[in-house]
1. Which of the following residues is assigned by TED's automatic domain parsing to the domain that holds A:Ala16, surrounded by 17 or more Cβ atoms within 10 Å (Cβ to Cβ) and on the phi > 0 side of the Ramachandran plot: A:Gly58, A:Gly62, A:Gly68?
2. If you check every pair at least six apart or on different chains, which have Cβ atoms under 8 Å apart with a residue in the range A:290-319 that is in contact (Cβ under 8 Å) with a residue 12 or more places away in the chain first and a residue that is of a type in the set (Val, Ile, Thr) second?
3. Filter the strands (runs of 3 or more DSSP E) completely within the range B:76-187 down to those with at least 3 residues that are among the hydrophobic types (A, V, I, L, M, F, W, C) and in contact (Cβ under 8 Å) with a residue 12 or more places away in the chain.
4. Among the residues of the range B:73-87, is any closer than 21 Å to B:Leu109 by Cβ, at pLDDT 85 or above and charged (D, E, K, R)?
5. Where the second residue is surrounded by 18 or more Cβ atoms within 10 Å (Cβ to Cβ) and assigned to a loop (DSSP other than H, G, I, E, B) and the first is within 8 Å of chain B (Cβ to nearest Cβ) and lies in the range A:79-106, which pairs have Cβ atoms under 9 Å and are six or more apart or on separate chains?
6. Only residues that are of a type in the set (Ser, Thr, Tyr), over 15 Å from A:Lys152 (Cα atoms) and either within 19 Å of the chain's Cα centre (by Cα) or assigned to a helix (DSSP H, G or I) (or both): list them for the range A:169-184, please.
7. Out of the strands (runs of 3 or more DSSP E) lying entirely within the range B:12-75, which hold 3 or more residues that are surrounded by 18 or more Cβ atoms within 10 Å (Cβ to Cβ)?
8. Could you please give the count of residues in the range B:188-206 that are aliphatic (A, V, I, L, M) and assigned to a helix (DSSP H, G or I)?
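The values are calculated or read from the model by the stated rules, or taken from the named source; none is laboratory data. Computed from a prediction, not measured in an experiment: that's the story for all the values here. Methodologically, a virtual Cβ is constructed for each residue, glycine included, from the backbone with ideal geometry; neighbour enumeration extends over all protein chains shown.
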Amino acid sequence: MTNGIQGGIRPRSYKAGSIIYFEGDKSEYVYILKTGRVLLTYIKIDTGEEVKEEVRQGEFFGVKSALGKYPREETAQTIGETVVLVLSLGDFERMILRNVNVVRKMLRVFSNQLRRIGKTVRTVLGESENVNPDLELFRIGEHYFKAGDFNKATYAFKKYLEYYPGTEYARIAMERIKTISSGGPAPSGGGGSDDLGDFSMESDSDDMFTFDEAPAPKAQTAPKPAASNKSEPAIASEFSSEMDDFLSDDNSIDDFGDFDLDSEASSAPSGLKGRFDEGESLFKRQNFPGALEIFQGILDGGEPAKEGDGKYFVDSHYYAGVCYYEMKKFKESMNLFAEIIKNRSDSEKYKGAVFYAGQIFEAAGQKDKAITYYNKVLNITPNDSLNGMAMDKIKALQRGR
Amino acid sequence: MLELDEKFFGRFGVEYSPNQIIFCEYEPGYEFYFIQKGKVRIVKIINDREKIIDVLGPGDVFGEMAILEEQPRSATVIAIDNVRVLKFHRDNFDALLAGNPQLAYKLLLIFSKRIYDQKRRLMILLLEEPSVKVMDVLIMLAEQNQQYDFEGELTLNTTARQVASWAGMAESEAQKELTHLARVDKIDLFEDRIVVKNIRDFQRVVTSRRKNLYS
């Protein structure tokens, strides 16, 4: 390190125990230890502990605060007779310009420090460190996709495909890109429809509203969306083709939060709560066929007129869906969860329904769709036990590939 | 500002149009960038919201972490207007440094400042009481203006929202604290600025709280 130390740089001698500078001093000098010993003392900001570090001969000190023009963060004190070289910023710059390797070394030290501090800051802010870059990159794509910012979504998905091809998510990323390039899921320009909130949006929203207005939600099959919007290749499994139809329609689900449930009133069955409680009690005893009969009866009665009964009606969809799921009648189950996902996104059962949709796809061997739905669970507030379960499912599915 | 040969633009120049992503958070990255023209915003998606971390302009550098460390990008960079950058691959870094030592010096300056800013922010975040955090944010903002005379009244061009972001708290909470400080006549609140009557008062409070943190 001695080559390059020439010119106007002055050596300065100190007696033992001298202070070269104090913490909090402002100065634009940089030092190099020539002979003797220098001890730097500072307080660690996150723990308050005092740290002492010895400078090695030939090493720089006081660099960062001089360059950044901020107060010294440490006190520099000599141990024994010591000689240092004192450099003005100009001297330092001239020296640096001739010693690219020194710069490189300093940059490495600085960049490590920066990472470490950044990490501490994020920990203090409660931002999780425990992330998979691939999953996170995909989620950024999803974020922009949802927001209708398709150029940014395309960028993120393309990068995802570039770095993580062949994963389950890669397929979804590919679908998203196709959807976007075929004119986008929503009215063009992005963000045209506020209702198109979450996740996928491969169909056109008119279909959704038509579907909504249909009177009896029981065992509905969704109308097919316009073929031009379908980017999903057919998948050959026992019942997947219907699911696909369902899904490509369902893909524009969610966040129809403004939809007014109560205005759709039709005939009201009496004693709804009593019957619901009965069904719930059977359900809790895991008598699924018995519970199903009751819940199905409630559904057959149609949307209740009494305002307070709306919840039981929606919840009956959910419980009937779970009953079907437990009885491994996935298609029927999915239809019921679909009703909640599409039209009852303000229900407290909404998140559960999305989770079950994931489980149904998982049971059907459609891992990518299962992951899509589990991933969606993660994005629904509040953060509850379903988040953990969904995350576990995603991890298991990714491992199991 | 960095003066790089125009010949560099031919080899390393890239242009971006408004709202275009330059790179994306979590993407592996091997290049770093110098802004020659235009502005970019640095954002992170936090809780499904796009949060602006910083705005950079001509002469600024970004993506520099990629030079030395194999880590994915820690934020997304998006062009605000028509942006012209020089883009350097880490493999060219040595050659680039050798040919442009000023650039090396500039990088050292940038890193030094960023480390300090981050540490300073951490010091704020580690304080316990919201009211003290807000005071320390105001102190930090005053420190950033080196020409300020700490003895008199000083004007900080900032908003409750920015204060909240520095202090790591909700905007409403920061607003509450600032309103309180205004009520007890420590500051005057304006839409686009905050006037601090006596920053020394705040420094005394913060220093004493900080001492107590570890005792």
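1. A:Gly62
2. These pairs meet every condition: A:Tyr312/A:Ile298; A:Phe313/A:Ile298; A:Val314/A:Ile340; A:Ser316/A:Ile298; A:His317/A:Ile340; A:Tyr318/A:Ile340.
3. B:76-79, B:83-89
4. Looking through the range B:73-87, at least one residue is closer than 21 Å to B:Leu109 by Cβ, at pLDDT 85 or above and charged (D, E, K, R).
5. A:Arg104/B:Leu68
6. A:Tyr169
7. Of the strands (runs of 3 or more DSSP E) lying wholly inside the range B:12-75, those with at least 3 residues that are surrounded by 18 or more Cβ atoms within 10 Å (Cβ to Cβ) span B:21-23, B:31-37, B:40-46.
8. 3
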